[in-house]
Amino acid sequence: MKSYSGSLLLLCALVAGCRHGEEPDSKPVVDVKVAQAQLVDVPLTVEAPATIFGRAQANITARITAPILRLNVRKGDDVKSGQVLAVLQNTDLQARDADAVAVLADAEASLQKTKKGMLPTDIQRARSELASREAMLTLAQKIDERRKDLYKQGAISARELQISEADLAQAKANDDLARLNLNVLEHQTSGNDLEIAQSKAAQAKAQLALAAADLSYAVLKSPLNGTVTEQFMYPGDMAKPELPLFTVVDLSTGVARAQVLESQAGRIARGQTCTFFSPDLANDALTGKITVINQAVDPARRTVEVWCEIPNPKRILKAGVFGTVKIFVGIAKHAVVVPQAAVQFQEGSTHGKVYVVDRQQVAHVREVEAMPISGAKVRITQGIQPRETVIVEGGYGLPDGTKVDSNGDPK
């Protein structure tokens, strides 16, 4: 009996001794760095990818088909509005222009004689004129028939065929006019001579204007001040209306054409300040103004095209440079702001989480809505109150409810 009682007392003493020597259960304390959520006036911005274009652009093409005689500029050259860029071969056009000048001079001389009461021709002269015109018409018809055969055989170009057809049409018109003139002299009074002379003079002026226009098409001029950014042809090549020779771009003002998400486009207005950033530019961001907001949405990308015009007097911006446009759309008054390191974002979204430290130095996970702003800061739109303390370092993967040591007051 005494032996049993002693054993029981010894066991109780051992158990009591073990409980007395144990330390109570405790959670680890994690060292962290913290900061305090601040109230700040935050500029609101919209960012979008953008590509630089010129303020104006023109593809320089010929209006006639002819070989290139001379190029006065090449790729990379600056040009002025009206400057001659290229000259095409124009010997046939010069001859036609000279003929039109002579015809007009003759018609005007006849008109002056008629106004003075002197008949420009008598019946015999009119008959001679008609005979001459008939001979020219016959010759033009033969030439046209011959060139049609050659064209079918592939021996001449379409342009040469067009020239013969135009000559034939002109010969027919001259023959009709000579026939009409003779008819008037034979059957009408000389009172209609003045109208005939005036008609011939007007026709000659029209022919001269047409010839001068054709001749002018052989000289290609720049329609704007700019830079030759593309050159497609060289002397000796055949210029054609469907093939451009040059591209001229006005880069005195760069236009960053941005593709803004449809959901953000409603915040943008003309006149807002915008900046363009690009890794291809060694300088800081360039500032401009919003000038164009497209009223249609790209159905594939669900974006709206917005133009940011940027003064470019030093030609820093080049056509085709890719970058980002930031558009300033307003100010958020008294916004809650925390350091960017405090927010762990879900990839591709504005949703994330923040560790908030309470007065007992215990960390709690808080779901937030936020968006980055300049200066390595984040604007909290939902989830954090002003002056709450958040962990900025040491909080990654921290379990909710962990005791922390912030090493002093939050900054």
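The number of residues in segment 326-348 being free of Cβ contacts under 8 Å to residues at least 40 places away in the same chain and either open to solvent by less than 50 Å² (accessible area, probe 1.4 Å) or closer than 30 Å to Gly226 by Cβ (or both) comes to 1. Report whether or not Gln203 is open to solvent by 40 Å² or more (accessible area, probe 1.4 Å), farther than 28 Å from Gly330 by Cα, of a type outside the set (Phe, Trp, Tyr) and in contact (Cβ under 8 Å) with a residue 60 or more places away in the chain. When the stated conditions are applied, Gln203 passes them. Scanning segment 30-56 for residues that are within 22 Å of Ile391 (Cα to Cα) and open to solvent by 90 Å² or more (accessible area, probe 1.4 Å) gives Asp31, Lys33, Leu39.
Of all residues in segment 289-320, which are touching a residue at least 40 places away in the same chain (Cβ under 8 Å) and not in a loop (DSSP other than H, G, I, E, B)? Selection gives Thr303, Val304, Glu305, Val306, Trp307, Cys308, Glu309, Ile310, Pro311.
Taken over segment 129-162, the residue count meeting the criterion of being of a type in the set (Ser, Thr, Tyr) and surrounded by 14 or more Cβ atoms within 10 Å (Cβ to Cβ) is 1. Reported count of residues in segment 251-265, each being open to solvent by 30 Å² or more (accessible area, probe 1.4 Å) and either out of contact with any Lys or Arg (no Cβ under 6 Å at 6 or more places or on another chain) or of a type in the set (A, V, I, L, M, F, W, C) (or both), is 6. Taking segment 264-288 as the range and being outside any loop (DSSP other than H, G, I, E, B) and over 24 Å from Arg301 (Cα atoms) as the test, the residues that pass are Thr273, Leu286, Thr287, Gly288. For segment 222-244, filtered to residues that are closer than 28 Å to Ile316 by Cβ and aliphatic (A, V, I, L, M), the residue that is surrounded by the fewest Cβ atoms within 10 Å (Cβ to Cβ) is Leu224. Here Gly323 fulfils each of the conditions (1) within 30 Å of Leu251 (Cβ to Cβ); (2) open to solvent by 20 Å² or more (accessible area, probe 1.4 Å); (3) assigned to a strand (DSSP E or B); (4) of a type in the set (Gly, Ala, Ser) apart from (2). Residues in segment 266-299 that are at pLDDT 90 or above, open to solvent by less than 30 Å² (accessible area, probe 1.4 Å) and more than 13 Å from Val325 (Cα to Cα): 1 in all.
Out of Val87, Val73, I need the residue that is of a type in the set (A, V, I, L, M), at pLDDT 75 or above, in a loop (DSSP other than H, G, I, E, B) and closer than 30 Å to Thr227 by Cα. Which one? Every option except Val73 fails the conditions.
The values are calculated or read from the model by the stated rules, or taken from the named source; none is laboratory data. Predicted model, so just to flag it, every value in this text is computed and none were measured. We place every Cβ from the backbone using ideal geometry, glycine too, and count neighbours over all the protein chains shown. The area values use the complete protein model at the heavy-atom level, side chains included, leaving out ligands, DNA and RNA. Shrake-Rupley method; radii C 1.70, N 1.55, O 1.52, S 1.80 Å.
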